[in-house]
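Have a look at the structure below, then the notes.
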Amino acid sequence: MRCGCVGGASGIGLETTRVLTMRGAHVIIAARNIKAANEAKQAILKNNENAKIDVLELDLSSLNSVNAFVHTFKALNLPLNILINNAGVMFCPYQLSQDGIEMHFATNYLGHFHLTNLLLDKMKETATTTGIEGRIVILSSLAHAYTYEQGIRFEKINDKDSYSKKAYGQSKLANILHANELTRRLKEEGVNITVNSVNPGFIMTDLMRHSFVLMRIFQLLTYPIWQTVVQGAATSCYVALHPNLKGVSGKYFMYCNEYATSNLATEPELAKKLWDYSRNLVKSLRHS
């Protein structure tokens, strides 16, 4: 039985959890809202009494919460085959996380970066002992192309005066760069783990609560390209599970197919710079 961690209390994450459990995976739902996560668990169990699901608390905007989650997860002594970095915020008003980082960058990217790094040893161990390829799936968005001119504003991550909706695009670009750089590093190590980024498409979920009216108007104007939550989760499940993707890493998927990204998302030097910046930022926050 494979074991996977998913941000799965609602929306795409919930549907992804449902599909993974149907495939026999033991799923750990990592969620900030424990009540909602347990309700999601019960909803899945109602239709699949054999589903293996545990719920653990995780607030990705807090490095301390990430640390606590990893500590608790490792204490369960479970294997880890699949990690799906699914949680996020979208177009929220300017605010800083508990660690003093702009909320989009903190939640959508930095928390996932830290979580993934802390779980890598467990994934490597599982891949080695089981012989089963590990898979990391990082959710991004078409919005990765709608970012600041330089892509990542390393010197102005927290700048309030120039803050705009491009902060969301910046965090989604960071997700793809993270997947690409992690792919490069794991290939150098010869590790049997793939890393890919995914765009679930246009889906109206709770993620859009900060811009509901704007997104509803946009949805009415572009209704043919919008998808259901089930359709949106299909790509995550495909990349996490499908045997045809064995050995495929460092790619960007949409509608269950590989797609091209923006030019910035393909820049290896930008990916390396982001990795070093993130590693140093996490280190400074953990010792502050």
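Assorted remarks:
- Qualifying residue in the range 172-183 (condition: out of contact with any Pro (no Cβ under 8 Å at 6 or more places or on another chain), surrounded by fewer than 20 Cβ atoms within 10 Å (Cβ to Cβ) and modelled with pLDDT of 95 or more): no
- Screening Gly131, Gly111 for residues that are modelled with pLDDT of 95 or more and over 22 Å from Ala37 (Cβ atoms) leaves exactly one candidate, Gly131.
- Top-ranked residue of the range 114-144 - restricted to ones that are of a type in the set (Ser, Thr, Tyr) and part of a loop (DSSP other than H, G, I, E, B), ranked as farthest from His178 (Cα to Cα): Ser141
- Candidates Met103, Met123 - the one that is aliphatic (A, V, I, L, M), under 20 Å from the mean Cα position of the chain (by Cα) and open to solvent by 10 Å² or more (accessible area, probe 1.4 Å): Met103
- Among the residues of the range 247-278, those that are in contact (Cβ under 8 Å) with a residue 12 or more places away in the chain, in a helix (DSSP H, G or I) and charged (D, E, K, R) comprise Lys272, Lys273.
The values are calculated or read from the model by the stated rules, or taken from the named source; none is laboratory data. Being a predicted model, the structure only gives us computed values, none of them experimental. Cβ: placed from backbone, ideal geometry, glycine included. Neighbour counts: every protein chain shown. With ligands, DNA and RNA removed, areas are computed over all heavy atoms of the protein, side chains included. Shrake-Rupley method; radii C 1.70, N 1.55, O 1.52, S 1.80 Å.
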